[in-house]
Amino acid sequence: MVIGICQLDLRIPENHSLKGKRHVLRKLIDRVKHRFNVSISEVGDNDLWQRAQIGFCTVGNDRRHINSSLDKVVHFIDEMNLVEMVHSEIEIITV
């Protein structure tokens, strides 16, 4: 079994409230869930207006496929132009 984990540090530059942040993140998370078969959630920076951390993961049996899937999700989020990606970290675990 291969588990792929990705954590993204995001910046939401035009945001001025937690309500606005939640709106942007909900839109981003819903689109990713609809398009890709991954588990995704906000995992950090919960109380900051213009910063967010999201994490997502996927499971499979082929390391290259898992890595490719995570890369596609990162590229999709970057292309949405809802947020600015500050840092991304991918980890692949073989069990």
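The values are calculated or read from the model by the stated rules, or taken from the named source; none is laboratory data. Owing to the predicted nature of the structure, the values given are computational and were not obtained by experimental measurement. All Cβ positions, glycine included, derive from the backbone under ideal geometry; neighbour counts span all protein chains shown.
If residue 3 passes every condition in (1) outside any loop (DSSP other than H, G, I, E, B); (2) without any contact (Cβ under 8 Å) to a residue 60 or more places away in the chain; (3) hydrophobic (A, V, I, L, M, F, W, C) but one, which one does it miss?
Only one criterion in (1) outside any loop (DSSP other than H, G, I, E, B); (2) without any contact (Cβ under 8 Å) to a residue 60 or more places away in the chain; (3) hydrophobic (A, V, I, L, M, F, W, C) is unmet by residue 3, namely (2).
Just one of (1) charged (D, E, K, R); (2) surrounded by fewer than 14 Cβ atoms within 10 Å (Cβ to Cβ); (3) out of contact with any Lys or Arg (no Cβ under 9 Å at 6 or more places or on another chain) trips up residue 31, so point out which.
With (1) charged (D, E, K, R); (2) surrounded by fewer than 14 Cβ atoms within 10 Å (Cβ to Cβ); (3) out of contact with any Lys or Arg (no Cβ under 9 Å at 6 or more places or on another chain) applied to residue 31, the lone miss is (2).
Can you work out which of the residues in the range 6-18 that are free of Cβ contacts under 8 Å to residues at least 60 places away in the same chain and surrounded by fewer than 16 Cβ atoms within 10 Å (Cβ to Cβ) is nearest to residue 80 (Cα to Cα)?
Filtering the range 6-18 for residues free of Cβ contacts under 8 Å to residues at least 60 places away in the same chain gives 14-18.
Still in the running and surrounded by fewer than 16 Cβ atoms within 10 Å (Cβ to Cβ): 14, 16-18.
Details: 14: 15, 16: 20, 17: 21, 18: 20 Å.
Going through the qualifying residues, I end up with 14.
Please verify whether residue 21 is crowded, with 16+ Cβ neighbours inside 10 Å, assigned to a helix (DSSP H, G or I) and at pLDDT below 95, treating the condition exactly as stated. Spell out how you get there, then give the answer.
On the way: crowded, with 16+ Cβ neighbours inside 10 Å: yes; assigned to a helix (DSSP H, G or I): yes; at pLDDT below 95: yes.
Here the answer is yes, as residue 21 does meet what is asked.
Among the residues of the range 79-95, which ones are surrounded by 12 or more Cβ atoms within 10 Å (Cβ to Cβ) and of a type in the set (Ser, Thr, Tyr)?
88
When you scan the range 46-78, how many residues do you find that are closer than 23 Å to residue 16 by Cβ, buried (at least 16 other Cβ atoms within 10 Å of the Cβ) and in contact with a helix residue (DSSP H, G or I) (Cβ under 9 Å, 6 or more places away or on another chain)?
5
Filter the range 51-72 down to the residues that are touching a Leu at 6+ places or on another chain (Cβ under 9 Å) and of a type outside the set (Lys, Arg), then identify the one that is nearest to residue 11 (Cα to Cα). Steps first, answer last, please.
Keep residues of the range 51-72 that are touching a Leu at 6+ places or on another chain (Cβ under 9 Å), which gives 51-58.
Right, trim to of a type outside the set (Lys, Arg) and you get 52-58.
On the way: 52: 6, 53: 9, 54: 11, 55: 14, 56: 17, 57: 21, 58: 24 Å.
Among them, the one singled out is 52.
Of all residues in the range 34-45, which are hydrophobic (A, V, I, L, M, F, W, C) and surrounded by 15 or more Cβ atoms within 10 Å (Cβ to Cβ)? Show your work before the answer.
First, the residues of the range 34-45 that are hydrophobic (A, V, I, L, M, F, W, C): 36, 38, 40, 43.
Matches in the range 34-45: 36, 38, 40.
Residue-by-condition table, conditions (1) free of Cβ contacts under 8 Å to residues at least 40 places away in the same chain; (2) not charged (D, E, K, R):
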| residue | (1), (2) |
| --- | --- |
| 24 | no, yes |
| 33 | yes, no |
| 38 | yes, yes |
| 41 | yes, yes |
